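Student: Quick one: structure below, then a few questions.
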Amino acid sequence: MIQRDILSGLAAGERMSDEEFEFLFNEGDCLQIAATACLVRDQKYSDRVVTFIIDRNINYTNICSCRCSFCAFYRDKEAEDAYVIEPAVLMAKVDEAVRLGANQLMIQGGLNPDLQIGFFEDMFRSIKQRYDITIHSLTAPEIDYIARISGLSIEECLKRLQKAGLDSLPGGGAEVLHDEIRERISPNKISSSRWLGIMESAHKLGIKGTATMMMGSTDRLEHRLHHLASIRDLQDRTGGFRAFIAWTYQPGNTELQGEKYPSFLYLKFLALSRLYLDNFAHIQGSWLTQGPRIGQMALFFGADDLGSIMLEENVVKAAGVANTISTSQMVRLIRESGMRPAERNSRYERLKYF
C-alpha cells in the first residue's frame, strides 16, 4: 500500500477499508494522517467552528450489579458509601446546572436491582415539568437492565422513557464492541450485538445519540477496528448517531489496573476515526481523560467538537483523574488553535459564538 494514494482517495471522498486503517495506524505518517483528517473536517465545516456544550453529569446511584473490572465508581449495596439519589438532591443539582447555563443533563448510574422503570419515569417527568432542558441519559446497558427487571421489551421501555422525557442516548457502556474484550473486562455487561441492537431500536423511535469507545484497557487494534466497523454499519442503516467520542481507559483505583494509553496513539487513532467514519458528522476530542492540552491537540487531528464543560463528573474522577475546564478556558483553547468557538446543544445546533 502507498500512503499518499490512500490519503488522496480519502480526501476525495473514498471510503476507507479496514486494511487501509490497519496500514495507516501501524505504518502511516502521523502528521500526514492528521492533515488529511483536518482537510476532511474542514470540507464539512468550512467556517472552522469548534463546538462545546455545557451540561451536568448526574449519577443517580453507584450501586451496580455489573462490577466491571475497569470501573472504580461502582459499589455493592452494602457498602458504606453506596447511594440512590434523593429527589430533593437531584432537583437541587438540576437547579444549579440550569443557573450555570447548562442545556443538557447526562443522567447515568449503576445497574441497581431496586430501580425499575417507574423510578426513571418519575425522575424525567419531574425535571421536564420544571425545565426545558435536554435529557441525554441512560446507556444501552442501563436500558437493557431497566427493561429486564421491569418485565418490558426494549421497545416498550424506550417508548415509556421517551414519553416521560428522555431525549437522546449517550454511547456509554460500549467500551470496545468486541466480545473477546467484553468477556475480559465486563463479563456481566451486555454483548456487543445487544448494545448495537438497543441503539438501533432507539434510532428507529427517533431517539438519537452518540457512539463512544473506551480504548486502551486490554484491547488491540483489531478490536477497536471491529468497533468502528460495527458503528459505521449501523450508522449506514439508521443515521442515528450524532457523534463519535473516543476516550482512554483510566487505570487508577480499578481492579483491572494497567497502564494509561499513550496520547500520541490516541491522537493518531482519532484522526483515522475521522477518516474511517465518513458517515459521522461530528468527532469529539476527549479533554476529560487526556487533559485540556491534548484535547486542544485533537483539533489538529480532525476533531470538530470538544465535548462538555461538565459541571459535574464522578466516574472518571473515581479512577483518580480530575481534569476540569471552565467556559473561558475552553474558549481560549479553541481560539489558540486558530478555530472559532461556539456553544452548542445536544443536536449540535450552535447557540452562541465567542
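Student: Connecting C-alpha atoms closer than 10 Å in a GNM of the chain, tell me which of Q235, Q329, Q108 has the biggest fluctuation.
Tutor: It is Q329.
Student: Could I ask something else about it? Mind running the shape call on region 1-122? Use the C-alpha gyration tensor, a ≥ b ≥ c as the square roots of the eigenvalues: rounded below 1.5 for a/c, prolate if a/b tops b/c, oblate otherwise.
Tutor: Values: a/c = 3.77, a/b = 2.02, b/c = 1.87.
Prolate, because a/c is 1.5 or more and a/b exceeds b/c.
Student: Any cysteines in the chain with zero other Cys Cβ atoms under 4.7 Å from their Cβ? List them, or say none.
Tutor: C30, C38, C64, C66, C157, each lacking another Cys Cβ under 4.7 Å.
Student: Using a 1.4 Å probe on the protein chains only, how many percent of the accessible area of the chain belongs to carbon and sulfur?
Tutor: Values: 6960 of 14440 Å².
With neighbouring chains kept in place, the figure for the chain is 48 percent.
Student: Relative contact order for region 43-192: what is it in percent, counting Cα pairs under 8 Å that are at least 6 residues apart?
Tutor: Details: 216 pairs, mean separation 38.8, N = 150.
Computed over region 43-192, the figure is 26 percent.
Student: Pick from T51, T327, T61: which residue has the top mean-square fluctuation in a GNM of the chain where Cα pairs under 10 Å get a spring?
Tutor: T327
Student: While we're on this one: Between region 16-71 and region 102-127, what's the alpha-carbon centroid distance in Å?
Tutor: Using only Cα atoms, the two centres lie 27 Å from each other.
Student: When Lys and Arg each count +1 and Asp and Glu each count -1, what net charge do the other residues less than 9 Å away from R242, Cβ to Cβ, add up to?
Tutor: Numbers: positive: K208, R347; negative: none.
Combined, the nearby Lys, Arg, Asp and Glu give +2.
Student: Follow-up. Subtracting the Cα-Cα distance from 0.36 nm times the residue separation, let me have the gained length for Q257 to L31 in nm, one decimal. Spell out each step's value before the answer.
Tutor: Details: separation 226, 0.36 × 226 = 81.36 nm, distance 3.12 nm.
Net length gain for the segment: 78.2 nm.
Student: How much length would be gained if the chain were fully extended between L205 and A281, taking 0.36 nm per residue of separation minus their Cα-Cα distance, in nm to one decimal?
Tutor: Stretched fully, the L205-A281 segment lengthens by 25.3 nm.
Student: Sticking with this structure for a sec: Label-point separation (nm) for A11 and R148, each offset 7 Å from Cα along Cα-to-Cβ?
Tutor: For the pair A11/R148, the computed spacing is 4.9 nm.
Student: Using only helices, what value at 222 nm comes out for the chain when you add -39,500 (n - 2.57) per DSSP H run of length 4 or more and divide by the total residues, to the nearest 500 deg cm²/dmol? List each step's numbers first, then the result.
Tutor: On the way: 15 runs with 158 residues, N = 354.
Helix contribution divided over all residues of the chain: -13500 deg cm²/dmol.
Student: Multiplying the sequence separation of R293 and R335 by 0.36 nm and subtracting their Cα-Cα distance, what value in nm do you get? Write out the running numbers ahead of the final one.
Tutor: On the way: separation 42, 0.36 × 42 = 15.12 nm, distance 1.28 nm.
Between R293 and R335, full extension yields 13.8 nm more.
Student: Turning to a different aspect of this structure: Residue-wise, which Karplus ³J(HN,Hα) couplings in Hz belong to region 6-23, taking 6.51 cos²θ - 1.76 cosθ + 1.60, θ = phi - 60°, and x for glycine or proline?
Tutor: Per residue, the Karplus-derived 3J(HN,Hα) values read 5, 5, 5, x, 5, 5, 8, x, 6, 7, 6, 8, 4, 5, 5, 4, 4, 5 Hz.
Student: Using a cut-off of 10 Å between beta-carbons, work out the net charge of the residues near L152 (Lys and Arg +1, Asp and Glu -1, L152 not included). Don't skip to the answer; put the middle values down first.
Tutor: On the way: positive: R148, K159, R160; negative: E155, E156.
Combined, the nearby Lys, Arg, Asp and Glu give +1.
Student: Follow-up question, since we're still on this one. Sequence-distant or interchain residues sharing an amide H contact under 5 Å with D55, placed H: which?
Tutor: Sorted by chain and number, the residues that satisfy this are I309, M310, L311.
Student: Same structure, new question: Name the most mobile residue of N26, N279, N57, meaning the one with the largest mean-square fluctuation, in a Gaussian network model of the chain with Cα contacts below 10 Å.
Tutor: N26
Student: Something else about it: Once amide H atoms are built 1.01 Å from N in the peptide plane, which residues 5 or more positions from R340, or in another chain, come under 5 Å H to H?
Tutor: HN-HN under 5 Å from R340: V49, V50.
Student: If I model a spin label at R130 and D236 as a point 7 Å from the Cα along the Cα→Cβ vector, what separation in nanometres do I get?
Tutor: It is 4.6 nm.
Student: Give me the one-decimal nm value for the distance between modelled label points at S46 and M1, 7 Å along each residue's Cα-to-Cβ direction.
Tutor: With each label placed 7 Å out from Cα toward Cβ, I get 3.1 nm.
Student: For region 69-169, what does the alpha-carbon gyration tensor say about shape, rounded, prolate or oblate, given a ≥ b ≥ c as the root eigenvalues, a/c under 1.5 as rounded, and a/b over b/c as prolate?
Tutor: oblate
Student: Please find the FRET efficiency linking S326 to E349, where r is the Cβ-Cβ separation and R0 is fixed at 25 Å, and quote it to the nearest 0.05. Present the calculation step by step, with values, prior to reporting the outcome.
Tutor: On the way: r = 23 Å, r/R0 = 0.90.
My answer for the efficiency is 0.65.
Student: Percentage of Cα-Cα pair distances in the chain greater than 26 Å, rounded to whole percent?
Tutor: Details: 30077 of 62481 pairs.
Of the Cα pairs, 48 percent sit more than 26 Å apart.
Student: Would you list which lysines come within 30 Å of K352, measuring only between C-alpha atoms, while excluding same-chain residues fewer than 8 positions from it?
Tutor: Reachable lysines: K44, K93, K128, K163, K208, K317.
The values are calculated or read from the model by the stated rules, or taken from the named source; none is laboratory data. Since we're looking at a predicted model, the values are computed, not measured. Using ideal geometry, Cβ is built from the backbone for each residue, glycine included, and neighbour counts are taken over all protein chains shown. Heads up: the accessible areas ignore ligands, DNA and RNA and are worked out on the full protein's heavy atoms, side chains in. Shrake-Rupley method; radii C 1.70, N 1.55, O 1.52, S 1.80 Å.
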